[in-house]
Structure formats: C-alpha cells, structure tokens
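Novice: There's a structure below that I have some questions on.
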Amino acid sequence: MSFTANAPKTTRINFRTDEETKEEANSIFAKLGLDMSTALNMFLQQTINDQGLPFQPTLSKFEKSVLKAADGPTRSFDNVDDLMKELRGTATD
C-alpha cells in the first residue's frame with residue numbers, strides 16, 4: 001500500500017522591489033536559514049493568522065507632523081509677499 005501526500009498546489013507571485021532592498025533582505029534571510037520564497041510565505045501565512053499585517057505600520061515623525069499640520073488651523077494670504085513675511089516672522093497684522 002502506498003500513500004501520497006496531497007501537497008497544496010503552488011502558484012507564482014511576482015512583485016517589484018529595488019535591488020538594495022532585495023539584497024539586504026536576502027542577507028538577513030540567509031542568516032536565519034531562510035530563502036526569499038520561504039520568508040515571503042511565512043509573511044503571507046502570518047498575515048492570514050493575524051487577519052491583518054503581522055506588524056504595526058507607523059508613520060515617520062515627519063509624516064506625522066505633516067498630517068498634524070494639515071489638520072490644524074489654516075491661513076490664507078493675499079499675495080506671496082505677505083506669505084514670505086509670515087514665514088520669516090516679520091509679518092505685522
């Protein structure tokens with residue numbers, strides 16, 4: 001009697017990244033004893049397990065400050081000279 005494992009069929013996923021990111025990731029994966037395919041499959045499986053990203057995406061301090069400024073009070077100026085005076089701190093109201 002012989003048994004054959006019913007391995008799931010595989011599919012190919014292609015995506016683009018820059019060369020430096022690929023090389024750095026490959027270097028880290030190699031130190032962990034992983035290849036790119038295994039590491040990406042681990043990411044996909046953990047995404048399924050967590051029902052979301054397996055890490056908390058965050059904004060940089062710069063991005064946070066831009067978003068905060070966009071939500072804050074706004075001012076308008078009648079001309080560029082008035083704007084430049086405000087930016088230089090020499091505006092007179």
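Where a number appears in this text, it was derived from the coordinates with a stated rule and is not lab data. Computed from a prediction, not measured in an experiment: that's the story for all the values here. Ideal geometry is used to build each Cβ from the backbone, glycine not excepted, and the neighbour counts take in all protein chains shown.
Novice: Hey, what's the per residue convex hull volume over the C-alpha atoms of the chain, in cubic angstrom?
Specialist: Once divided by residue count, the hull of the chain is 230 Å³.
Novice: At a Cα cut-off below 20 Å, give the aspartates and glutamates reachable from LYS61, other chains included and same-chain residues fewer than 8 away excluded.
Specialist: Filter leaves ASP71.
Novice: Quick one: net charge around MET42, please, counting Lys, Arg +1 and Asp, Glu -1 for every other residue with C-beta under 14 Å from its C-beta.
Specialist: Summing Lys/Arg as +1 and Asp/Glu as -1 gives -2.
Novice: Shape call for segment 18-70 from the C-alpha gyration tensor, a ≥ b ≥ c root eigenvalues: rounded (a/c under 1.5), prolate (a/b greater than b/c) or oblate?
Specialist: It comes out oblate by the Cα gyration axes.
Novice: With θ set to phi - 60° and the Karplus curve 6.51 cos²θ - 1.76 cosθ + 1.60, what are the ³J(HN,Hα) couplings of segment 7-13 in order, to the nearest whole Hz, using x for Gly and Pro?
Specialist: Rounded to whole hertz, the list is 5, x, 5, 9, 9, 9, 10.
Novice: Hey, what do the phi angles of segment 22-29 turn into as Karplus ³J(HN,Hα) couplings, whole Hz, using 6.51/-1.76/1.60 and θ = phi - 60°, x for Gly and Pro?
Specialist: 4, 5, 4, 5, 4, 5, 5, 4
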